[in-house]
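For reference, the structure discussed in these notes is given below.
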Amino acid sequence: MKNEYKVAIIGGGIVGCSIAYHLAKFGENDVVVFEKDYLSSGSTGRCAGGIRQQWSSPHNVLLAMRSVSLFEKLSQETGVDIEYKQGGYLVLSYDDQEAAQFEKNVQMQRELGLDVEILTPKDVKQRYPYIDVSGVKMATFCQKDGHANPHLANFAYARAAQKLGVHIMTHTKVMAVEVLPNGFELFTNRGKIGAKILINAAGPHSREIGNMVGVDLPTESYRHQIMVTEAVKNFFNPMAISFSGNFYMRQTKHGQFIMGQGDPEEKPGINNNVTYRFEREMAEKMCAIFPFLSKLRIVRHWSGHYNMSPDAQPIIGESTSVPSFYYAIGFSGHGFMLAPAVGEALAQMIIYGRTLHVDITELNLDRFEKGVVREKNVV
Ligand SMILES: Cc1cc2nc3c(=O)[nH]c(=O)nc-3n(C[C@H](O)[C@H](O)[C@H](O)COP(=O)(O)OP(=O)(O)OC[C@H]3O[C@@H](n4cnc5c(N)ncnc54)[C@H](O)[C@@H]3O)c2cc1C
């Protein structure tokens, strides 16, 4: 570790590593990433790896579309096979009001250039005879959606960043930050370092980092549980999700089924425990919709955190009160899929003063002063 860097990034999840990689790719490699545990130990390594472009807010659609174009090249660009598969995302609606909203979403998504289909329950049954469509009102499908292995994608960005000269310090916790007239001093468990630019990519701990520099970041972290079955031969191509049905499910490259749901009873805070209630509820619901699952054993169950923002869209930008303090936080359960585009956009903002592919200015912190329009397509 040097004493002084141009850029210090707090967080070695996919967001921090994507930012680091893109900074180095665009010519700035005087960069250090601090990770208090190991790479992908946070939300990234605990997530389902879904990559979906079907959102209700145009910003999320555009960021996800740009991310998909970057995910398509990521294995080749970094030399790490991230197990990327574009098997599509099947979004099932069990609610008339939601189904009507889906029609509007699809119109907006198509206007932005996304190829999305609207399916009747009969269409779903024809395509996927092994899904029980009882109660399904309608579905949407985008073939270019899909999934990847979150650990491998996190490592892909980290390794590629390191090859370009970025320093990654694992097991190094940032415990305090002093704001200086011309930069920052960071106090870690391995000593202190100076940086001209500080980036908060601390995921569930984003608010704590904001507090260290005196910026109130309105994020709250909520536990989300997830479980995986034993492996069987691959046959299930899409990732299936339902907001009204409150679930998501996919088959991994190695054959396991991975699935989760939200819990409205969760309280904000860091909680890594798991509950039997989740396993029972999840198993009952999923075996009814995907009857083939009833023959499989659950082999593992863990939890991670959604770092929620008030409108369930990420908060990205530079602080107006503390110059050179940037953040890419509040991903609200979709930071894995947005990380490529967000890393690229933030790096461009820092290096060129503007983004070249997706405009992120409206995702800055000050948007909450104008009111909150919530992203609806979240489990
Ligand atoms: C069960 C579950 C399922 C999900 N499924 C999906 C999905 O299908 N698709 C999707 O796009 N998203 C999904 N998500 C959300 C996704 O995991 C997150 O949005 C994403 O991983 C955020 O990445 P990150 O790099 O910002 O955060 P993290 O991966 O949490 O990285 C932040 C890192 O910062 C480190 N850190 C924190 N404080 C400090 C400090 N003081 N000093 C040093 N290091 C520090 C942490 O140790 C952590 O490793 C899911 C999340 C969960 C929990």
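The values are calculated or read from the model by the stated rules, or taken from the named source; none is laboratory data. For clarity, every value in this text was computed on a predicted model and none was experimentally measured. All Cβ positions, even for glycine, are placed from backbone atoms using ideal geometry, and neighbour counts span all protein chains on display. Please note that ligands, DNA and RNA were not included when accessible areas were found on the heavy atoms of the full protein model with its side chains. Shrake-Rupley method; radii C 1.70, N 1.55, O 1.52, S 1.80 Å.
Taking every C-alpha pair closer than 8 Å and separated by at least 6 residues, the mean separation divided by the residue count of the chain gives a relative contact order of 24 percent. Using a cut-off of 24 Å between alpha-carbon atoms, which lysines can reach Lys163, once sequence neighbours fewer than 8 places away in the same chain are excluded? Cross-link targets: Lys2, Lys6, Lys25, Lys36, Lys73, Lys173, Lys196.
Compute the Rg/Rh shape ratio of region 163-219: radius of gyration over Kirkwood radius, all on alpha-carbon atoms. Let's see the in-between values first.
Numbers: Rg = 11.9 Å, Rh = 12.3 Å.
My calculation puts Rg/Rh at 0.97.
Would you compute the Debye intensity of region 1-104 from its alpha-carbon atoms alone, equal scatterers and no solvent, and pass along log10 I(q)/I(0) at q = 0.10, 0.14 Å⁻¹ to two decimals? With one equal scatterer per Cα and no solvent, log10 I(q)/I(0) is -0.42, -0.74.
Building the convex hull from the alpha-carbon atoms of region 145-273 and averaging its projection over directions returns 11.5 nm². Amide H contacts of Leu90: Met239, Ala240, Ile241, each under 5 Å away and 5 or more positions distant or on a separate chain (H built 1.01 Å from N in the peptide plane; Pro and chain starts excluded). Among the protein heavy atoms, those of Asp263 account for about 40 Å² of accessible surface (1.4 Å probe, every chain in place). Shown is the FRET efficiency for Glu230 and Lys267, computed with R0 = 30 Å from the Cβ-Cβ distance and rounded to the nearest 0.05: 0.40. Here the label points at Cys287 and Asn182, each 7 Å from Cα along the C-beta direction, are separated by 6.7 nm in the simple model. When you filter the GluC sites (Glu not before Pro) in region 256-326 for DSSP loop state and at most 11 other Cβ atoms inside 10 Å of their Cβ, you are left with Glu265. Centre-to-centre, using Cα atoms only, region 1-78 and region 276-347 are separated by 14 Å. Against the chain, whose longest principal axis comes from its Cα atoms, helix 150-163 is set at around 30 degrees. In the chain, the longest principal axis of the Cα atoms and the axis of helix 96-111 are about 60 degrees apart. Counted by Cβ distance under 14 Å from Gly269, the other residues give a net charge of -2, where Lys and Arg count +1 and Asp and Glu count -1.
Using alpha carbons only, the radius of gyration of the chain set against its Kirkwood radius gives Rg/Rh = 0.97. Normalised by 2.2 N^0.38 Å, where N is the number of residues, the alpha-carbon radius of gyration of region 191-262 equals 1.70. Identify the chymotrypsin sites (Phe, Trp or Tyr not before Pro) of region 5-106 meeting these criteria: DSSP loop state and at most 12 other C-beta atoms within 10 Å of the C-beta. Within region 5-106, the qualifying chymotrypsin sites (Phe, Trp or Tyr not before Pro) (loop, at most 12 other Cβ atoms within 10 Å) are Tyr38. Mind checking the angle between helix 14-25 and the chain's longest principal axis? C-alpha axes, 0 to 90 degrees, to the nearest 10. For 14-25 against the chain, the angle is about 60 degrees. Taking every alpha-carbon pair within region 114-176, the share separated by more than 15 Å comes to 71 percent. For region 264-367, the equivalent ellipsoid derived from the alpha-carbon gyration tensor has semi-axes of 38, 16, 11 Å in decreasing order. Note on Asp95 and Lys6: the extension gain reaches 27.0 nm, defined as 0.36 nm multiplied by sequence separation minus the Cα-Cα distance. Cα centroids of region 111-125 and region 143-213: 39 Å apart.
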